[in-house]
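Reviewing the structure listed below.
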Amino acid sequence: MDEDFELEESIWKKLFWIAFYAITAGVLLGLFTAISSPIKYVFSLVALFIAIKCFKRFSTWGPRISFIVSAIIVYFATALVIAIVVYMRDNPMPAG
């Protein structure tokens, strides 16, 4: 019974770390595309550093592919939210 719990805990811990790395990298890449000043390259380098850390931590293909796919999904979601915020800021709703 204890072995099942340890295996399940290991899976949840792995999922947490993959999600953490993917969300962080995706948001940083979203900020990279939204910012026009040279500071955007810092976001890119930090995202690269996070990807390297993730690849060092997980040496098998499954977690690595999960990280890449999740980071791309989070990147698109972040870019969409930023685009909506910029659009709403630049085009206020008419008073009606």
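The values are calculated or read from the model by the stated rules, or taken from the named source; none is laboratory data. Bear in mind the structure is a predicted one, so any value in this text is a computation, not a measurement. To get the accessible areas, we keep the full protein, side chains included, count just its heavy atoms, and leave off ligands, DNA and RNA. Shrake-Rupley method; radii C 1.70, N 1.55, O 1.52, S 1.80 Å.
In terms of solvent-accessible area of protein heavy atoms at a 1.4 angstrom probe, what is the ranking of Trp17, Trp12, Trp61, highest value first?
Working: Trp17 70, Trp12 155, Trp61 195 Å².
Correct descending sequence by accessible area is Trp61, Trp12, Trp17.
With a 1.4 Å probe and every protein chain left in place, tell me how much accessible area Thr24 has, in Å² to the nearest 10.
40
Leaving out ligands, DNA and RNA, and with a 1.4 Å probe, what % of the accessible surface on the range 11-96 is carbon or sulfur? Intermediate values should be presented prior to the final figure.
Numbers: 4760 of 6230 Å².
Accessible surface attributable to carbon and sulfur in the range 11-96 totals 76 percent.
Would you rank Arg89, Arg64 by solvent-accessible area, highest first, keeping every protein chain in place and using a 1.4 Å probe? Show your work: numbers first, answer last.
Working: Arg89 165, Arg64 70 Å².
From most accessible down to least: Arg89, Arg64.
If I stretch the segment between Phe16 and Phe76 completely, what's the gain in nm (0.36 nm per residue apart, minus their alpha carbon distance), one decimal? Spell out each step's value before the answer.
On the way: separation 60, 0.36 × 60 = 21.60 nm, distance 2.04 nm.
That pair, Phe16 and Phe76, stretches by 19.6 nm at full extension.
The list [x] 16.2; [y] 15.2; [z] 13.5 gives values of Kirkwood radius over Cα pairs in Å, and only one came from this structure; which label was calculated from it?
[y]
Taking just the C-alpha trace of the range 41-84, give me its Rg and Dmax in Å.
Final numbers for Rg and Dmax: 12.0, 37 Å.
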